[in-house]
Amino acid sequence: MELTASVLAAPTTPTGEARVLVVLPSLGTSVAALWQRAATEFAAVSPETTVIGIDLPGHGRSTPVTVPAEASVAPRITMADLAEAVLSTLERVLPDVANPSVPVDLAGDSIGGAIALQLALDHADRFGRISVFCTGAKIGETTAWEERAQTVATSGTPTQIIGSAQRWFGEGFMDREPEASAALLHSLQDADRFSYASLCYALADFDVRERLPEITRPVLAVAGSEDQPTPPTKLAEIANAVPGALLEVIEGAAHLVPAEAPEVTAGLLADFFGGKGLGAGAGGAAGAGGSAGAGVAPGAAALPTASGPRGASRDEVREAGMTVRREVLSDAHVDRANAKVDDFTADFQDLITRYAWGEIWTRPGLERRMRSAITLTAMIAGGHEAELAMHVKAALRNGLTRDEIKEVLLQSAIYCSVPSANTAFSVASQALAEVDAEENAD
């Protein structure tokens, strides 16, 4: 299996500072259609880096899989096969990758992220930092991939256009970015049907959930808040299992974050691959009214520092707090709360927005997953049932799994009291049921 690599962005600094970022696309897209805009933005903030894109078999510039004449069934390949093909491509275009003198970082979306996870497991010594977008340690169900492989092998990739247009993009993206969305859908239509089907077989067999703790490279997991095939919980699963991994959720984006939010993507990658804290380069929105990141509020890179007083104005602190409040509790919740504000309660709402959200929840000292776990315990200890229900839902948005929420509640039985935990389990069960009902309604 021979893949084709292309340079999406060339370095503009001396070669002594050079780095390489390899990017991998999603099923049905060419690497240029998905990654070019993000690569260009990335080059502007990381001018020492060469960005190299590698197309999947039968996608973009890569040759299709080999299929016997008159065949109607695609050959089966595995994610390990794809990982080896990516590595051999890099060894061909970057001979030093076998004994790196230039750091090679890796980023991939969807199946590209799955390939990146496979490379992190099988060839960790070849890479530096690894970022996975809109993916999972297992994606979808085996039977669904098997059925899609058969459909596409028989009838071609145009059968996937309508479904992909619905799954790939957040609300309004196709209207805002008609050229970008058209390029992505054209790359799907142009993909080789047997190659696409073979990739479906690779996804059908892929499951590295039990192996995630083996990954030793630094990992950044990036989710789109509106992603259906790989929702934020899939990325949270990776971030929770890989030691030291980070999680970011891009509000308003769906399954193709690098194309939907190229500036945000570039900022996150520049910070992560540069070893910096996330968020400083990630300001901006993926969609109308959306915001980027679950780690640091957009536009609030200087809020707060770990050392205490800052020069931020009262309005700036409040704005940062409102941004985080919306990210943690949801726009719908905050809008409902704001609609109830009157002259009597306005000062209190301003107080909690500035101090709870603007002063505490924006601090970099703890990730939001940890803050959610602490807050759940405090709500249980204080007997604040309504607030507990709200923060159970917030904990899911911040990346805690349902099993982790259960463990927090079990811990509270020892340190807060069994009756308190009993009530907490009842409240949390109802809150989780409401989340399920909302998701099913969507």
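The values are calculated or read from the model by the stated rules, or taken from the named source; none is laboratory data. From a predicted model like this one, the values you see are computed outputs, not experimental measurements. Glycine also receives a Cβ, built like all others from the backbone with ideal geometry; neighbour counts cover every protein chain displayed. All accessible areas refer to the heavy atoms of the entire protein, side chains included, with ligands and DNA or RNA removed. Shrake-Rupley method; radii C 1.70, N 1.55, O 1.52, S 1.80 Å.
Dividing the alpha-carbon radius of gyration of segment 26-120 by the rule-of-thumb value 2.2 N^0.38 Å gives 1.19. Solvent-accessible area assigned to carbon and sulfur over the chain amounts to 52 percent, based on a 1.4 Å probe. Take the chain and mark each of the GluC sites (Glu not before Pro) that is in a DSSP loop with at most 11 other Cβ atoms within 10 Å; the longest unmarked stretch, sites excluded, is 142-442. Helix-only arithmetic for the chain: the sum of -39500 (n - 2.57) across DSSP H runs with n ≥ 4, divided by the residue total, places the mean residue ellipticity at 222 nm at -15500 deg cm²/dmol. With a/c under 1.5 counting as rounded, go ahead and sort segment 125-254 into rounded, prolate or oblate using the C-alpha gyration tensor (a ≥ b ≥ c being the square roots of the eigenvalues; past the cut-off, prolate if a/b is larger than b/c, else oblate). Note, shape of segment 125-254 comes out oblate. Accessible area per residue for the chain is 44 Å², calculated with a 1.4 Å probe on protein heavy atoms, without ligands, DNA or RNA. For PHE133, enumerate residues with amide H under 5 Å from its amide H, sequence gap 5+ or separate chain, H modeled in the peptide plane. Those qualifying (amide H under 5 Å, at least 5 residues apart or on another chain) are GLY108, ASP109, SER110, GLY113, VAL222. Would you mind classifying segment 307-388 by shape? Square roots of the alpha carbon gyration tensor eigenvalues, ordered a ≥ b ≥ c; an a/c under 1.5 is rounded, otherwise it is prolate if a/b is larger than b/c and oblate if not. The shape class here is oblate. A P(r) calculated from all alpha carbon pairs of segment 44-201, with 5 Å bins opening at zero, reads 2, 8, 15, 20, 19, 16, 11, 7, 2, 0 percent. Taking 12 Å as the straight-line reach from the Cα of LYS406, none of the aspartates and glutamates fall in range once those fewer than 8 positions away in the same chain are excluded. Under 1.5 on a/c is rounded, so check that first for segment 120-190, then, if it is not, pick prolate when a/b is larger than b/c and oblate when it is not; a ≥ b ≥ c are the square roots of the alpha carbon gyration tensor eigenvalues. It is oblate, given that a/c is not under 1.5 and a/b is not larger than b/c. Here each label is just a point 7 Å from Cα along the line to Cβ, and for HIS384 and TYR355 those points are 1.2 nm apart.
Go ahead and run the numbers for FRET between ALA124 and ALA18, Cβ-Cβ distance against an R0 of 25 Å, rounding to 0.05. Calculated value: 0.70.
Hydrodynamic analysis of the chain uses the Kirkwood radius over alpha carbon pairs. Inserted into Stokes-Einstein at 4 °C and 1.567 mPa s, it gives a translational diffusion coefficient of 57 µm²/s.
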